[in-house]
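The values are calculated or read from the model by the stated rules, or taken from the named source; none is laboratory data. These numbers were taken from a predicted model, which means no experiment stands behind them. Virtual Cβ from ideal backbone geometry, glycine too; neighbours counted across all protein chains shown.
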């Protein structure tokens, strides 16, 4: 029995390792192991009031802190029966686009592209593609700038609260945001072209099951109260949440999620495949020039889908600022709620896929919480594709360790399981 | 030329927000990079050299498994100076909120009701529960300017220096209206400064994410809270949010004064 162990020091909520077992030159098994230290967030929010729940849950992840906060706010406002004006949603979305830009730029330019262009990391890539790395840095910086301005801090900013914001942006701040987005847009289009022309290894013929939120209007977007599935089904978020089967896997501290016993994929690729037709302007053009049927069979196209979402987010920043400027200065609204009882699911699209926050409240105190994160939903799909890929390689080239390791890492990184850092050590036993 | 100090950046259980704060300040990152010899920084580079002794180790996150204790001890042994980076490493952070309750296994089993094979989990504790730490730089996440200031001090062989005043003072400098006087429970008077009073400046109460300021004026804070109908129970819950193992000392002091 030959065992290959890859200690991928990926930022998969900490660490992730791959184990490949090969018996008599035949593929036997593959495991994607997650040895992450437990924090038990579901128990930390119990007995807390709605504001404290927000203080806590954004800290689940430094990269998707806005998505966690936004999902929770959407659940809590349902429970408290709180309706917020359109301009507040616009400002929340603006912060959310910031997170998409920061997260996608970090993943695409610094973690994924070096794999495809044949460099060990972004620093080495910069020697041959200095412009590409510069664009990546500027988009990431702009995403962080948006979150810092709107939420009060680059990460874990507290300014987005139930009912609105503690402080609103001034017209001047909004103009600064728009100016930078306009400058970045042509650069983002250039980087999409580079991403489109990369070589994407083909996989098996099986098509993937995609899941994403259906935006309430007929536009492309990152939140909604209904779920779209690539098999044609549609559900209310609460219904789909109850249909997700969470399986506990001994080799992972993250649960694996299945739908009807099938692995499914969430994230940019799922959103683009299900909602791409709804895009406008430059992002629509990029989508038309990139989309092909291979997308539904190949998770590596998630990188290209992210490149298009960067264009989309920049375009939305510009149009959202225009809309907000008409309403600026925004008036401070103080939300008071008397009753806070009941249960609800709040959901947004995090950069790496659909995020579900479930809460139950009694007398303004949280009594139960459950969170289903994108990476938990993607695990089963990751393992499935690792297996397909390993079988293909062994069939074609025999047991070639380097090839197995490189391709496995490429797949895992394509899913963008939190930020996967490009470094790793390999141990073979 | 002067010899560059050997520095390692490590991460245990947390959200990676502290190391990410460093990585996200791209205007300074290259200068930091060039001023030291990086021995380990797995969030940013594949280069590492586990055997080298370190001049400085920066560690983010709290300790939540037996395996991490061993790893932490190894880093301590080879490091001249060990700095706890962020509130989790310094006090235990959010995940140490119930470290006083002794119900870890019950809570653990409620989230993971199955055999856990890949690590031996423990109640979350800060670094100082297992090794000697030389300095801490708190924050959830850390403030980059405060980090940079102290990073430069350490390079010059000077000790870490944290603001010796609470968030309340930073808040006054910004000429904000006091939230306590509006009956909003704000931890500004008890929390160490360093964040430029970000939350109160946005009209939101300080949640205490930088941990306690040691020379706090407890009696005065209690008095204002009582005058404004903020209950002790409410305050206790707020204090426990971020202060991990430090919450107990402060709460004991508060109870004595009450």
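For residues that are in contact (Cβ under 8 Å) with a residue 12 or more places away in the chain and away from chain A (no Cβ under 14 Å), tally how many sit in region B:215-243.
Within region B:215-243, the first condition is being in contact (Cβ under 8 Å) with a residue 12 or more places away in the chain, and the residues that meet it are B:215-222, B:224-225, B:228-230, B:232, B:234-236, B:238-243.
Still in the list and also away from chain A (no Cβ under 14 Å): B:215-222, B:224-225, B:228-229, B:232.
So the count comes out to 13.
In region B:28-36 there is at least one residue matching the filter, namely being touching a residue at least 12 places away in the same chain (Cβ under 8 Å), surrounded by 17 or more Cβ atoms within 10 Å (Cβ to Cβ), more than 8 Å from every other protein chain (Cβ to nearest Cβ) and under 17 Å from residue B:82 (Cβ atoms). Filtered by the rule that a residue be part of a loop (DSSP other than H, G, I, E, B) and at pLDDT 95 or above, region A:198-215 gives A:209, A:215.
The condition of being outside any helix (DSSP H, G or I) and more than 14 Å from chain A (Cβ to nearest Cβ) holds for only one of B:39, B:83, that being B:83.
Could we say that residue A:58 is farther than 21 Å from residue B:109 by Cα and out of contact with any strand residue (DSSP E or B) (no Cβ under 8 Å at 6 or more places or on another chain) here? Yes; evaluated as a whole, the condition is true for this residue.
Being within 14 Å of chain B (Cβ to nearest Cβ) and modelled with pLDDT of 95 or more is true for just one of A:147, A:155, A:175. Which residue is that?
Numbers: A:155 fails: modelled with pLDDT of 95 or more; A:175 fails: within 14 Å of chain B (Cβ to nearest Cβ).
The match here is A:147.
If only one of A:106, A:91 is farther than 26 Å from residue A:191 by Cβ and either buried (at least 21 other Cβ atoms within 10 Å of the Cβ) or within 14 Å of chain B (Cβ to nearest Cβ) (or both), which one is it?
Numbers: A:106 fails: farther than 26 Å from residue A:191 by Cβ.
On inspection, the qualifying residue turns out to be A:91.
Just checking, which of B:17, B:86, B:61 is modelled with pLDDT of 90 or more, surrounded by 23 or more Cβ atoms within 10 Å (Cβ to Cβ) and out of contact with any helix residue (DSSP H, G or I) (no Cβ under 6 Å at 6 or more places or on another chain)? So that I can check it myself, show each step before the final result.
On the way: B:86 fails: out of contact with any helix residue (DSSP H, G or I) (no Cβ under 6 Å at 6 or more places or on another chain); B:61 fails: out of contact with any helix residue (DSSP H, G or I) (no Cβ under 6 Å at 6 or more places or on another chain).
Criteria check complete, one pass: B:17.
Evaluation of residue A:167 against the conditions (1) buried (at least 21 other Cβ atoms within 10 Å of the Cβ); (2) within 14 Å of chain B (Cβ to nearest Cβ); (3) in a loop (DSSP other than H, G, I, E, B) shows that the sole unmet condition is (1).
Checking each residue in region A:231-249 for being under 22 Å from residue A:31 (Cα atoms), without any contact (Cβ under 8 Å) to a residue 60 or more places away in the chain and in a loop (DSSP other than H, G, I, E, B) picks out only A:248.
Condition check for residue A:146 on (1) more than 17 Å from residue A:99 (Cα to Cα); (2) buried (at least 21 other Cβ atoms within 10 Å of the Cβ): one failure, at (1). When region B:227-257 is filtered for residues that are surrounded by fewer than 14 Cβ atoms within 10 Å (Cβ to Cβ) and either over 21 Å from residue A:52 (Cα atoms) or touching a helix residue (DSSP H, G or I) at 6+ places or on another chain (Cβ under 8 Å) (or both), the ones remaining, listed by number, are B:227, B:249, B:252, B:255, B:256, B:257.
Of the residues A:116, A:110, A:145, which is within 28 Å of residue A:77 (Cα to Cα) and assigned to a helix (DSSP H, G or I)?
A:145
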